[in-house]
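The values are calculated or read from the model by the stated rules, or taken from the named source; none is laboratory data. Model, not experiment: these values are computed from the prediction. We place every Cβ from the backbone using ideal geometry, glycine too, and count neighbours over all the protein chains shown. Surface accessibility is based on the protein's heavy atoms, side chains included, excluding ligands, DNA and RNA. Shrake-Rupley method; radii C 1.70, N 1.55, O 1.52, S 1.80 Å.
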Amino acid sequence: MMQKNIPYGRQSINQTDIDAVIAVLRSDWLTQGPCVPAFESAIANYCGAAHAVAVNSATSALHIACLALGVTAGDWVWTVPNTFVASANCALYCGAKIDFVDIDFSTGNISLAALEAKLVDAEKSGSLPKVLVVVDFSGRSCDMAEISQLVKRYDIALIEDASHAIGGFYHEKPIGNCQFSDITVFSFHPVKIITTAEGGMAITNSSMLAEKLRLLRSHGVTRDPDLLEHVPDGEWYYEQQLLGFNYRMTDVQAALGLSQLNRLTDFVQARRVLADAYTEQFKTNVPQVITPCMDSETIFSAWHLYVIRVAASVRKRFFNYLRQHGILVNVHYIPVHLQPFYQRLGFKLGDYPGAEQHYATAVTLPLYPELERMAVEKIIQLIQKFDWDQ
Ligand SMILES: *Cc1c(COP(=O)(O)O)cnc(C)c1O
């Protein structure tokens, strides 16, 4: 019998999503039309934040977030090693220097103790960062209140890389609310919670930062009469005021994003139900599996990833076993500091034991809204049959 492989994540596209995209294709505007600002307002409203700036990827959002916060050559930027490379690359795009803060093994998020200790050392050596990029790993918020309190003492700006986390909540407020971060970033890549194919968003409560982000995403060019430095030559007039990029989202993408946003609550609910099913089964029947941190009174994950941990000695065999049975498990993440590019900057094995221990034991199981409950049962049964002692 032919069996269909089960991916670790995938998008959910319905007829309403398709109709929304087709409507834009038939309209006058494929880009720079009304859908992008409508999507931005909808995201800002959903998050309860003042400004949202749509871009063509979360990577672009992280880049212009760093630039808007003034990151430049010679500055330090810190992030965590347990993330996708984009969370660190954004600093290097600005000519800044990158360093990492280890994670807490239980959550996969930044370790407050490691951050506190590193800040004390950096203050002594005069190498405090200009920006800290924290990552809401798997969709679960970092301890943003505590982190923000810590970095404020040193006048460090805070970017929340919430690429995994739209639809999650922290102390009853939606992630993206920006109560504790200067800028929060979402990704709309198809494996993430909602999708625009490629796409991202930078969110902020600061009108000054929002203005900079808008300039940076579109060549540094403005036509806004309130922002012009020179007296306009005429109606055609525009000005380039800084060195920006073409990081714009198209209206085709924004229409898809708007339609997907209407489905966000259902998506996260479906993910949460499946995550609960996995955890309940593992807790009662498979003691070899360390289940991920579950939701608490103050933290509701968006459940982008369901990451279990198994003994490092069996991880590769366990991974191959599931792949051989058509379960396309994955691993999040290879620590960024162990990438060859980062090793050439001087980072080495042993630098961040929390992230390295996480990497050695992590396996990401399939989790997405259209994953069937039957498939979850099948995956659990397969795992129950795995020979842990071979
Ligand atoms: C996916 C991801 C990114 C990059 O998102 P793109 O939209 O693909 O550029 C950045 N950071 C994290 C943590 C991610 O998971």
| Matching residues in segment 183-221 - criterion: being free of Cβ contacts under 8 Å to residues at least 60 places away in the same chain and assigned to a strand (DSSP E or B) | Ser218, Val221
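For segment 160-175, enumerate the residues that are within 11 Å of the ligand (Cβ to nearest atom) and assigned to a loop (DSSP other than H, G, I, E, B).
Within segment 160-175, the first condition is being within 11 Å of the ligand (Cβ to nearest atom), and the residues that meet it are 160-165.
Ala162, Ser163, His164, Ala165, listed by residue number.
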| note | Checked segment 57-68 for anything away from the ligand (no atom under 12 Å from the Cβ) and surrounded by fewer than 24 Cβ atoms within 10 Å (Cβ to Cβ); matches are Leu67
| task | Those residues that are crowded, with 16+ Cβ neighbours inside 10 Å and of a type in the set (Val, Ile, Thr), I need them from segment 73-126; list them, please. | result | Val77, Thr79, Val80, Thr83, Ile98, Val101, Ile103, Thr107, Ile110
| said: Yes or no: segment 233-242 includes at least one residue that is open to solvent by less than 40 Å² (accessible area, probe 1.4 Å), in contact (Cβ under 8 Å) with a residue 40 or more places away in the chain and either more than 16 Å from the ligand (Cβ to nearest atom) or charged (D, E, K, R) (or both). | reply: no
| Criterion violated by Ser111 - all others in (1) without any contact (Cβ under 8 Å) to a residue 40 or more places away in the chain; (2) more than 16 Å from the ligand (Cβ to nearest atom) satisfied | (1)
| task | Can you work out which of the residues in segment 348-390 that are under 23 Å from the mean Cα position of the chain (by Cα) and among the aromatic types (Phe, Trp, Tyr) is most open to solvent (accessible area, probe 1.4 Å)? | result | Tyr359
| note | For Ala157, the lone unmet condition from (1) surrounded by fewer than 21 Cβ atoms within 10 Å (Cβ to Cβ); (2) more than 16 Å from the ligand (Cβ to nearest atom) is (1)
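Has segment 174-181 got any residue that is under 12 Å from the mean Cα position of the chain (by Cα) and open to solvent by less than 30 Å² (accessible area, probe 1.4 Å)?
Of the residues in segment 174-181, the ones under 12 Å from the mean Cα position of the chain (by Cα) are 175-176.
From the residues that got through so far, the ones that are open to solvent by less than 30 Å² (accessible area, probe 1.4 Å) too are 175-176.
Looking through segment 174-181, at least one residue is under 12 Å from the mean Cα position of the chain (by Cα) and open to solvent by less than 30 Å² (accessible area, probe 1.4 Å).
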| remark: By residue number, the members of segment 176-214 that are more than 10 Å from the ligand (Cβ to nearest atom), closer than 13 Å to Ser163 by Cβ and touching a Gly at 6+ places or on another chain (Cβ under 9 Å) are Gly176, Thr184, Ile193, Ile194, Ile203
| remark: (1) open to solvent by less than 10 Å² (accessible area, probe 1.4 Å); (2) in contact with an Asp or Glu (Cβ under 9 Å, 6 or more places away or on another chain) all hold for Ala270 apart from (1)
| said: Just to be sure I understand the filter: pairs with C-beta atoms under 8 Å, separated by 6 or more residues or on different chains, first member in segment 326-338 and at positive phi, second member not small (Gly, Ala, Ser). Which pairs pass? | reply: Gly326/Gln3; Gly326/Lys4; Gly326/Asn5; Gly326/Ile6
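Here is a check on your reading of the model: is Glu280 out of contact with any helix residue (DSSP H, G or I) (no Cβ under 9 Å at 6 or more places or on another chain), open to solvent by 70 Å² or more (accessible area, probe 1.4 Å) and in a loop (DSSP other than H, G, I, E, B)?
Numbers: out of contact with any helix residue (DSSP H, G or I) (no Cβ under 9 Å at 6 or more places or on another chain): yes; open to solvent by 70 Å² or more (accessible area, probe 1.4 Å): yes; in a loop (DSSP other than H, G, I, E, B): no.
Here the answer is no, as Glu280 does not meet what is asked.
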| task | Examine segment 251-265 for a residue that is among the acidic types (Asp, Glu) and either open to solvent by less than 10 Å² (accessible area, probe 1.4 Å) or in contact with a helix residue (DSSP H, G or I) (Cβ under 9 Å, 6 or more places away or on another chain) (or both), and state whether such a residue exists. | result | yes
| field | Set Ala360, Ala302, Ala375: member being among the hydrophobic types (A, V, I, L, M, F, W, C), at pLDDT 95 or above, under 23 Å from Ala86 (Cα atoms) and not in a loop (DSSP other than H, G, I, E, B) | value | Ala360
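Would you call Tyr333 in a helix (DSSP H, G or I), more than 25 Å from Met374 (Cα to Cα), open to solvent by less than 80 Å² (accessible area, probe 1.4 Å) and of a type outside the set (A, V, I, L, M, F, W, C)? Walk me through how you get there before you give the answer.
Details: in a helix (DSSP H, G or I): no; more than 25 Å from Met374 (Cα to Cα): yes; open to solvent by less than 80 Å² (accessible area, probe 1.4 Å): yes; of a type outside the set (A, V, I, L, M, F, W, C): yes.
Considered against the rule, which asks whether it is in a helix (DSSP H, G or I), more than 25 Å from Met374 (Cα to Cα), open to solvent by less than 80 Å² (accessible area, probe 1.4 Å) and of a type outside the set (A, V, I, L, M, F, W, C), Tyr333 comes out as no.
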| message | Restricting to segment 293-324, name every residue that is within 16 Å of the ligand (Cβ to nearest atom) and on the phi < 0 side of the Ramachandran plot. | response | Ser301, Ala302, His304, Leu305, Tyr306, Val307
